[in-house]
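Student: This is the structure I have questions about; it appears just below.
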Amino acid sequence: METRQTRATELSLALTVGVVLADSSIVTLALPSVLREYDATVFGVSWVLTAFNVALAALIVPAVRVARTRPRSGWSVGLAVFVAASIACAASESAAALVGARVVQAAGGALAVACAIELLARLHGTHQAAAPVWGGAGTIGIAIGPAVGGLLTQLLEWQSIFLLQIPLLLLIPVATAIRPSPAEPGPGGLPDLRPEVGLGLLSAGLTGALFLLVILLTEGWGLSPIAAAATVSAIPLAALAARWLARRAGPPASAALAGGIAVAGGLAALGVLPGASWALTLQPQVLVGIGLALALPVLTLAALGGRDPEGSRAAATIAARHTGIVVGLLVLAPLLSAQLTAKQEAATDAATAALLDAPLPADTKVSLAAALGSRIESADGRLPAIAPAFDEVTPAPGDEAAYAQLESDIEDQLARAATSAFSLPFLAAALLAALALIPIARLGARAGGAPWVSAATPEAPRG
Amino acid sequence: MGERSRAPLIALAASLGLIAAYVGFGGGSYTPAATADPCQTRDLALLEERGVFEGIALSALDGAACELHVSREELAIALADPGATDEFAAAHDIDSEAVDDAVRAGLERAVDDAAAAGRIDGLEEAILRQVARYAPVGPAIDALRSLSDDDSVQGLIRELGDLTDLRIPGIGDAGGLPPLEQLLP
């Protein structure tokens, strides 16, 4: 019978998974602030994200050994290390110190998550029965991470992202109250890592939705972090709303395949945006969110339904997802950087053409060219805000309409440049997600009687 | 439609439908405007809306860009200051004299075109040819572009008078006030 204490314990464990995994994406919208504060390079700051995901992916499977033998103390120690490293992140005085603290934070997080998953499995009897709890918490955590981080960065400071995690320490007393039953040994059989490969590739694609989109919204289109956070909330909201759909999507193999197609399709749609409007990103985001709701639970349960005598497959699915995020970052970040450079040149040419051809006096154009030039230079490789340059120059009487039209034309060219710079990276992210269809389809091909299919059938959690 | 294929087909249809709709609304071509080929004749009506000399300057930029196989816009940015010109020359593996030569050739072609179209008279043509052959290139282009409010040869000479290092053999030394004024009726 499920008691109030059991529910509180379950909630605490799910919260641990959700918060730690949210940290893999939570600093996305804070990166521009970190970049400015430390006067670091874009590449250097990108390691604030990458280092966490690399460390988490590398350490979570080894952490299972502790989780199997001492899950309660492991959870407490993991949480304590995670929170201490979070404080160090907030207090760090250089980008290098921040990256170092993030690695320690990931190490503590890996231990806490591995132990939380083990404890949930013991509460529910099996890893398969516990998977919907931590799987849902983890997916929501990763998906809302950028939104929460953006909100905190704008309302407070980026350091508040890390300080807000201190209350996790309050969960530690819960660990002492847990009386876990022995864990059931996982099934034997031949190892089959196709679910993890599918999860990794989908996560690599998801990097496109989460990271590229927030950068496009804030740096490309100039949305505030709060507005960007609200916009990218469409993915987790759609994923939550679509959970009922997963039960009506037919056999699990079909649901996973449909999910993979939807994620790839949504990312491809982001690659062909017909305008620079946040509203145009909503439909693709909904498609991605629905796809995640359909595919991730099935793939996770497929992994847990396979060979797992050491009880490490649950951690392996998380390692696969974060390896996918790292792969996505390593593939997409250089691609985006190259595209931004190319499109900035195209935007400069287009803006110069608009300026040369504008029906304005030459002295106005020369003044504007100088103001725009200094804006482009101070933008340091990013797309510049041109309104201040236009404010610096006063048009001659009678030229106001042509002047406003020129500003509008140049704004349009810059928006086109920003949006099209993200096109190829989004399409590459779609390709990564589409590659996940190969292992997913092969799982489906052997679906008849396979253990993962029955494992993926929703069942009520045991208390 | 079988139960196994229903969900994947619906997902595929939704994905393709959204992508097709976005492409249909211009998603595939939502990019910065491409620069025009400087070797193609530009719309004369557009140039005629400008002052005579600004039109010649724009036409000269086209001609020079065509000679150098670059866009008019790239060349305009390169001529903004000597540092930019040097960067441009280095990027295209040419020396800055080659840039000057191309601009002079473009300016001469623009003067030819303007004279043939009857947009400038003989005196203006003579002065502009001297400018094309001997004046420092960047400032000369700037001077031409700055004349949209004063579309007269007097205005042109006034602008050229600001070019303290302008030396035009056979016409005079333009240090300080330009002796070009002596040519005025």
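The values are calculated or read from the model by the stated rules, or taken from the named source; none is laboratory data. Predicted, not measured: the structure shown is a model, and the values here were computed from it. Glycine gets a Cβ as well: all are built from the backbone with ideal geometry, and neighbour counts include every protein chain shown.
Student: Scan region A:414-441 for residues that are crowded, with 23+ Cβ neighbours inside 10 Å and farther than 30 Å from A:LEU296 by Cβ and jot them down.
Tutor: A:LEU414, A:ALA417, A:ALA418, A:SER420
Student: State which residue pairs qualify: first residue within 21 Å of B:ALA36 (Cα to Cα) and inside region A:328-349, second residue exposed (fewer than 15 other Cβ atoms within 10 Å of the Cβ) in any location, beta carbons under 9 Å apart, and separation of 6 or more residues or different chains.
Tutor: Going by the 9 Å Cβ cut-off, the qualifying pairs are A:THR341/A:GLY381; A:GLN344/A:ALA379; A:GLN344/A:GLY381; A:ALA346/B:ALA34; A:ASP349/B:ALA34.
Student: Next question, about the same structure. Please work out which residue is farthest from A:ALA415 (Cα to Cα), limiting yourself to region A:316-348 and to residues that are among the charged types (D, E, K, R) and within 14 Å of another protein chain (Cβ to nearest Cβ).
Tutor: Filtering region A:316-348 for residues that are among the charged types (D, E, K, R) and within 14 Å of another protein chain (Cβ to nearest Cβ), the one farthest from A:ALA415 (Cα to Cα) comes out as A:GLU345.
Student: Out of A:VAL133, A:VAL148, I need the residue that is closer than 24 Å to A:LEU35 by Cα and surrounded by fewer than 24 Cβ atoms within 10 Å (Cβ to Cβ). Which one?
Tutor: A:VAL148
Student: Just checking, which of A:ALA14, A:ALA57 is modelled with pLDDT of 85 or more, of a type in the set (A, V, I, L, M, F, W, C), under 30 Å from A:LEU216 (Cβ atoms) and not in a loop (DSSP other than H, G, I, E, B)?
Tutor: Matching residue, one of A:ALA14, A:ALA57: A:ALA57.
Student: With the structure loaded, tell me whether A:SER92 is in contact (Cβ under 8 Å) with a residue 40 or more places away in the chain and either crowded, with 17+ Cβ neighbours inside 10 Å or over 21 Å from the mean Cα position of the chain (by Cα) (or both) or whether it fails that test.
Tutor: no
Student: Give the number of residues within region A:349-369 that are more than 7 Å from chain B (Cβ to nearest Cβ) and at pLDDT 80 or above.
Tutor: 4
Student: If we scan region A:117-138, do we find a residue that is modelled with pLDDT of 75 or more, hydroxyl-bearing (Ser, Thr, Tyr) and either part of a helix (DSSP H, G or I) or farther than 20 Å from A:ARG321 by Cα (or both)?
Tutor: yes
Student: In this structure, does B:GLU87 turn out to be among the acidic types (Asp, Glu) and either away from every other protein chain (no Cβ under 14 Å) or surrounded by 18 or more Cβ atoms within 10 Å (Cβ to Cβ) (or both)?
Tutor: no
Student: Name the residue that is farthest from A:LEU201 (Cα to Cα), counting only residues in region A:244-280 that are touching a residue at least 60 places away in the same chain (Cβ under 8 Å) and more than 11 Å from chain B (Cβ to nearest Cβ).
Tutor: A:TRP278
Residue-by-condition table, conditions (1) touching a residue at least 40 places away in the same chain (Cβ under 8 Å); (2) at positive phi; (3) out of contact with any Lys or Arg (no Cβ under 8 Å at 6 or more places or on another chain); (4) not hydrophobic (A, V, I, L, M, F, W, C):
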site	(1), (2), (3), (4)
B:GLY27	no, no, yes, yes
B:SER59	yes, no, no, yes
B:GLY63	yes, no, no, yes
B:GLY83	no, no, yes, yes
B:GLU87	no, no, yes, yes
B:ILE94	no, no, yes, no
B:GLU97	no, no, yes, yes
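Student: If you don't mind, there's one more thing I want to ask. Checking A:ALA303 against (1) at pLDDT below 90; (2) more than 11 Å from chain B (Cβ to nearest Cβ); (3) surrounded by fewer than 24 Cβ atoms within 10 Å (Cβ to Cβ), which test does it fail?
Tutor: (3)
Quick grid of which residues meet (1) of a type in the set (Ser, Thr, Tyr); (2) under 15 Å from the mean Cα position of the chain (by Cα):
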site	(1), (2)
B:GLU74	no, yes
B:PRO82	no, no
B:GLU87	no, no
B:SER96	yes, no
B:ASP112	no, no
B:ALA117	no, no
B:GLU125	no, no
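Student: Let me ask something else. Determine if region A:82-94 includes at least one residue that is within 11 Å of A:ALA110 (Cα to Cα) and either modelled with pLDDT of 85 or more or out of contact with any Ser or Thr (no Cβ under 7 Å at 6 or more places or on another chain) (or both).
Tutor: yes
Student: Let me ask something else about it. Tell me which helices (runs of 4 or more DSSP H) are completely within region B:57-149 and hold 2 or more residues being modelled with pLDDT of 85 or more, or say none if there are none.
Tutor: B:82-91, B:96-116
Student: Here is a check on your reading of the model: is B:CYS39 modelled with pLDDT of 80 or more and either surrounded by 16 or more Cβ atoms within 10 Å (Cβ to Cβ) or not in a loop (DSSP other than H, G, I, E, B) (or both)?
Tutor: In short, no.
Yes/no matrix, rows are residues, columns are (1) within 26 Å of A:THR341 (Cα to Cα); (2) surrounded by fewer than 24 Cβ atoms within 10 Å (Cβ to Cβ):
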residue: A:LEU201; (1), (2): no, no
residue: A:LEU206; (1), (2): yes, no
residue: A:SER224; (1), (2): yes, yes
residue: A:ALA230; (1), (2): no, yes
residue: A:SER233; (1), (2): no, yes
residue: A:LEU237; (1), (2): no, yes
residue: A:LEU240; (1), (2): no, yes
residue: A:ALA262; (1), (2): no, no
residue: A:GLY265; (1), (2): no, no
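Student: A follow-up question, please. With part of a helix (DSSP H, G or I) and under 30 Å from A:GLU219 (Cβ atoms) as the only criterion, which of A:ALA51, A:ALA84 stands out?
Tutor: None of the others qualify; the one that does is A:ALA51.
Student: Yes or no: region A:415-433 includes at least one residue that is modelled with pLDDT under 90, under 27 Å from the mean Cα position of the chain (by Cα), within 12 Å of chain B (Cβ to nearest Cβ) and within 30 Å of B:GLU3 (Cα to Cα).
Tutor: The answer is no, given that none of the residues of region A:415-433 is modelled with pLDDT under 90, under 27 Å from the mean Cα position of the chain (by Cα), within 12 Å of chain B (Cβ to nearest Cβ) and within 30 Å of B:GLU3 (Cα to Cα).
Student: Whether any residue in region B:63-80 is among the β-branched types (Val, Ile, Thr) and within 12 Å of chain A (Cβ to nearest Cβ) is what I want to check.
Tutor: The answer is yes, given that some residue of region B:63-80 is among the β-branched types (Val, Ile, Thr) and within 12 Å of chain A (Cβ to nearest Cβ).
Student: Which one of the conditions (1) touching a helix residue (DSSP H, G or I) at 6+ places or on another chain (Cβ under 7 Å); (2) closer than 25 Å to B:GLN40 by Cβ; (3) not small (Gly, Ala, Ser) does B:ASP86 fail to meet, given that it meets all the rest?
Tutor: (2)
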